[in-house]
Amino acid sequence: MRMRLFLVAAVGVLLTAAAAPAANVHATLQMTASLQASAAAGECLNHQGPYITLSGELSFGGIDGRLVFRNNLKGTHEHEEPVDAEVVLLPLGETIRFNKQPVLGGVGGNPWIYVQFLDGDMNPISDEILLGRCVQGLDPTGIEFLMPTDVDVDVTSGECQNSGGPQITLEGELSLGGINARLVFRNNEKGTHEHDEFTDVTIVILPAGESITFAKQPPQGGVGGNPHIWFQFLDGAGAPYGGELYLGRCTQL
């Protein structure tokens, strides 16, 4: 299932993008994320290996956008007071729940079971974590990590001379980096046997490129008189991902 994000936000009154200037902002951000997972095992003595079900939730640290309006270029006026408006692109704590169907794999004879988490390109982002021995029950586990996230935002302006501030529309897409789990089955605890026999199977928890659909509107804001406009990405706690990006004067976007 593919979920696409269409972000719609406004400062003032929404306008159609086709009738107004627009600027594009693109960034690849390292968004904080956490994963909590539980594994259940069945048919542990099956000679083909046990059946494993992995379930849990994936939570995101959030991404916000901030529009900054100034009546002159930044730094050229000693007493300038900028006005800004924040937009929630991906809410802090947004959660995806997953419940994967049982997968068959491993070695027979009540194996030891480990999990290792991988990014969307199958690169490890954790060590192997021991869940337990099949018939004795498996422990829950979790990790915190950074998920590469591509964000594209189109900033469209209109009514730039409005005394209450310009009217801005944001539209865009946020694409998540993905995460996978590698289940490893061993006939003894890792490192305790020179001729360890093991096998593994990989489960896709979140495919790379998945997106989340939502729409938010920021508060009205801005300064009149065709202001200069900057854009800045923030994490869900309000900390900047980087510096402000200058988009241009309102009528020049």
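Each value in this text was obtained by applying a stated rule to the coordinates, not by laboratory testing. Model, not experiment: these values are computed from the prediction. Heads up, the Cβs are rebuilt from the backbone with ideal geometry, glycines too, and the neighbour counts pull from every protein chain shown.
Report the far tail of the P(r) of the range 34-74, meaning the percent of Cα-Cα pairs longer than 15 Å. Summing the P(r) tail past 15 Å for the range 34-74 gives 68 percent.
The calculated FRET efficiency for the pair Asp152 and Val103, based on their C-beta separation and a Förster distance of 41 Å, comes to about 0.75. The slack in the chain from Gln30 to Thr53, taken as 0.36 nm per residue of separation less the alpha-carbon distance, amounts to 5.4 nm.
Distance between the 7 Å Cα→Cβ label points at Phe198 and Phe145: 1.7 nm.
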